[in-house]
Amino acid sequence: QVQLVESGGGLVQPGGSLRLSCAASESILSFNVVGWYLQAPGKQRELVAGINRGGLTNYADSVKGRFTISRDTAKNMVYLQMNSLKPEDTSIYYCHGRVGIPPGRVNEYWGQGTQVTVSS
């Protein structure tokens, strides 16, 4: 079975940086897209950043210019570099992978989540 495992979360001061890592049990290129979602308490899970097989990226407006998604295909790793962190970024962050293209058949895979807390 496909597994995604996040790490790198923690407590950081406003303006600081973190790098989240997602280790995949399959090649990153096995997925049509991989990315990161957040789920703050009491809110829906929302896309933060994604990258497709061709390397094209997509970001939520709230993180453009601050966060960068990248991949290391040789290591089956996906990263989210988070700079200029704000208290509003506090959330659980989930690694995500999708095989298939909607509205066709798709398979979705999720990591267990890693907590990011931005506070002074």
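Comparing Cα centroids, the range 79-120 and the range 33-77 end up 6 angstrom apart. For the range 1-62, the solvent-accessible area with a 1.4 angstrom probe is 55 square angstrom per residue.
Taking every alpha-carbon pair within the range 19-112, the share separated by more than 24 Å comes to 17 percent.
Taken about its Cα centre, the chain carries a charge dipole of about 160 debye when Lys and Arg each add +1 at the Cβ and Asp and Glu each add -1 at the Cβ.
Share of carbon and sulfur in the accessible area of the chain stands at 48%, probe radius 1.4 Å. Can you give the FRET efficiency for residue 53 and residue 17, using 1/(1 + (r/R0)^6), R0 = 22 Å, r = Cβ-Cβ distance, to the nearest 0.05? The value I calculate is 0.20. Cross-link partners of residue 64 among aspartates and glutamates, defined as those whose alpha carbon lies under 18 angstrom from its own and excluding same-chain residues fewer than eight positions apart: 46, 88, 89. Taking all Cα pairs closer than 8 Å and separated by 6 or more residues, the relative contact order of the chain comes to 36 percent. For the residues 91, 70, 25, a GNM of the chain with alpha-carbon springs under 10 Å puts the largest fluctuation on 25. Using C-alpha pairs below 8 Å separated by at least 6 residues, the relative contact order for the range 4-64 is 22 percent.
The values are calculated or read from the model by the stated rules, or taken from the named source; none is laboratory data. These numbers come from a predicted model, not from an experiment. Quick reminder, even Gly has a Cβ in these numbers, built from the backbone with ideal geometry, and neighbours come from all protein chains shown. Remember, those area values only see protein heavy atoms, side chains included, never the ligands or the DNA or RNA. Shrake-Rupley method; radii C 1.70, N 1.55, O 1.52, S 1.80 Å.
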